[in-house]
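Let me begin by presenting the structure, written as structure tokens, before commenting on it.
Values in this text are rule-based calculations from the coordinates and carry no lab data. Since we're looking at a predicted model, the values are computed, not measured. Cβ coordinates were reconstructed from backbone atoms using ideal geometry, including for glycine residues, and neighbour counts include every protein chain displayed.
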Amino acid sequence: MLRALFTAASLLALCAAASADTTLLSGGHVIDAERGTVLKDHDILIEDGRIKAVGRAGTLGASGATSIAMNGAFLLPGLSDSHVHLTSRSDIHGYRRLTVSTARAAISGVANAEKTLRAGFTTVRNLGAPGFADVDLKSAIDSGEVPGPRIIPAGQSIGITGGHCDSNLMPYEFRETGGGVADGPWAVRQKVRENKKFGAEVIKFCGTGGVLSKGTSIGAQQFTLEEMKALVEEAHELGLKVAVHAHGAKGIASAIEAGVDSIEHASLITDESLKAAVKTGIFLSMDIYVSDFILGEGEAAGILPESLEKEKIVGKAQRERFQAAVKAGARMAFGTDAGVYTHGMNARQFAYMVQWGMTPADAIRAATIGNAELFGLTNDIGSLSAGKRADIIAVTGNPLTDVRELEDVDFVMKDGAVFVNELAQ
């Protein structure tokens with residue numbers, strides 16, 4: 001009897017292997033993101049949503065596989081963005097945000113998730129959403145209910161009373177407070193625990209004032225060092241990484257001392273803090289494209305006059321500090337703050353990263369291997385190698401020569417499923 005059961009189980013396993021969903025991407029040029037080189041005329045064999053093999057055209061023995069012709073396109077790992085807000089819209093800023101319910105924001109998130117995926121971004125960190133809408137969006141995408149990138153959700157951003165992560169638009173009588181507001185070491189620990197409870201997979205907090213918040217100063221530190229240390233310690237104890245929104249020098253220095261995993265914006269980071277970031281391996285996620293949108297289209301989108309003035313101060317300075325960070329050898333993430341500007345345009349930042357000191361290969365590496373390391377997903381994403389998830393994009397021109405090729409992606413595959421294929425047209 002046991003022998004019969006064993007034989008039946010073996011047959012079932014063989015049948016499952018024989019009927020595995022297998023796809024061959026043939027006739028493309030594979031970009032080695034780690035080395036910044038091109039493997040000409042290579043195929044990629046995919047089985048059950050993961051890369052099984054990469055090899056010279058015609059050498060993978062892919063009998064029975066569904067073949068998709070790449071027609072000489074350049075294949076890259078799916079791109080990732082370390083800082084997005086999928087539930088936000090670029091045309092709703094300032095007081096207009098008061099008209100948006102959590103449910104409405106979630107609906108926008110569904111539309112924006114698809115735009116992001118179709119633009120070639122297969123993994124994102126969503127750093128802040130009302131009512132844990134990003135957690136629910138992740139669930140809907142993971143279950144196949146709606147299309148979108150793989151999401152690492154932060155839930156509600158944590159911040160001080162009246163700070164960048166609070167809601168400061170309404171007068172006192174309305175008693176409006178942001179969902180992640182906490183003051184004091186034990187209060188911030190409680191917020192971290194609450195975020196974890198409701199599905200957050202990364203913690204985002206505001207360590208300085210911000211551009212788009214009413215009544216905050218960019219350079220002012222928010223949270224004391226004691227509070228920051230308590231927050232980071234609690235998050236790390238729960239297995240969560242920490243991203244800090246920080247523009248000002250003092251807040252950045254305190255966040256580094258507290259042990260954060262990434263600094264978002266890092267606009268006014270000092271040379272001393274750059275050295276500390278390099279020494280500790282902290283990632284810098286510097287959104288150096290978004291200033292063009294804020295200053296060019298922000299007023300029409302409802303961005304407050306005080307915010308426009310703050311951006312005039314911080315925009316160019318951030319790009320200059322980005323250049324200094326690259327020269328210093330800092331670990332650079334690819335983060336755009338999409339949602340402040342239009343979703344699906346994430347790749348516009350690549351050209352700015354090249355303009356301000358990176359090679360095209362460096363910029364691509366930040367959005368693939370670098371972010372994979374920051375996210376803790378190096379076993380799953382970041383390169384086109386055996387065992388990784390089949391997150392693959394393709395463009396007709398070589399992005400190592402012209403990185404703007406990534407602004408118009410022609411093929412998008414996530415977990416082995418094709419969402420965009422314009423190569424055959």
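If neighbour count is taken as other Cβ atoms inside 10 Å, put Ser254, Ser217 in order from fewest to most.
Fewest-to-most ranking of Ser254, Ser217: Ser217, Ser254.
Suppose the Debye formula is applied to equal point scatterers at every Cα of the range 290-391; what is log10 I(q)/I(0) at q = 0.18 Å⁻¹?
Treating every Cα as an identical point scatterer, log10 I(q)/I(0) equals -0.94.
Which of the residue pairs Lys197/Lys241; Lys138/Lys197; Lys196/Lys229 have a Cα-Cα distance greater than 23 Å in the structure shown?
none
Where in the range 141-201 are there GluC sites (Glu not before Pro) that are in a DSSP coil and have at most 14 other Cβ atoms within 10 angstrom of their Cβ?
When the GluC sites (Glu not before Pro) of the range 141-201 are filtered for loop state and at most 14 Cβ neighbours within 10 Å, Glu145, Glu176 remain.
For the range 220-302, what is the Kirkwood estimate of the hydrodynamic radius, computed as the reciprocal of the mean inverse distance between distinct Cα atoms, to one decimal in Å?
Taking the inverse mean of 1/r over all distinct Cα pairs, the range 220-302 comes out at 13.6 Å.
Please arrange Val340, Val244 by how many other C-beta atoms lie within 10 Å of their C-beta, fewest to most.
Ascending Cβ contact count within 10 Å gives the list Val340, Val244.
Would you calculate the convex hull of the Cα atoms in the range 357-425 and tell me its volume per residue in Å³?
97 Å³
Along each principal axis of its Cα atoms, how long is the range 149-290 end to end? Whole angstroms, biggest number first, please.
46, 35, 31
State, in angstrom, two size descriptors of the chain derived from its alpha carbons: Rg to one decimal place and Dmax to the nearest whole number.
Taking only Cα atoms of the chain, I get Rg and Dmax of 22.3, 79 Å.
Would you mind pulling out the separation of the Cα centroids of the range 360-406 and the range 209-249, in Å?
One Cα centre to the other: 29 Å.
If the reach is capped at under 28 angstrom between alpha carbons, list the lysines near Lys316, excluding any in the same chain fewer than eight residues apart.
Excluding near neighbours in sequence, the set is Lys204, Lys214, Lys250, Lys275, Lys279, Lys327.
Rounding to the nearest 10 and keeping the result within 0 to 90°, find how far the Cα-based axis of helix 249-258 lies from the longest principal axis of the chain.
Tilt of helix 249-258: around 60 degrees.
Choose one answer from Ile288, Ile269, Ile92: the residue with the largest mean-square fluctuation in a GNM of the chain with alpha-carbon springs under 10 Å.
The residue that fluctuates most here is Ile92.
Straight-line reach from Lys40: which aspartates and glutamates fall under 19 Å, measuring Cα to Cα and dropping same-chain residues less than 8 apart?
Asp32, Asp402, Glu405, Asp410
Pairing the Cα long axis of helix 102-118 with the longest principal axis of the chain, what angle in degrees results, from 0 to 90 and rounded to the nearest 10?
50 degrees
Give me Lys414, Lys115 ranked fewest to most by other Cβ atoms within 10 Å of their Cβ, as a rough exposure proxy.
Result, fewest neighbours first: Lys115, Lys414.
Alpha carbons only, please: Rg and Dmax for the range 78-167, in angstrom.
12.9, 39
Mind putting together the pair-distance distribution for the range 216-260? All Cα pairs, 5 Å bins, whole percent per bin, short to long.
Final binned percentages: 5, 27, 32, 21, 10, 4, 1.
Report, in degrees rounded to the nearest 10, the 0 to 90 angle that the Cα long axis of helix 2-18 makes with the longest principal axis of the chain.
It works out to around 80 degrees.
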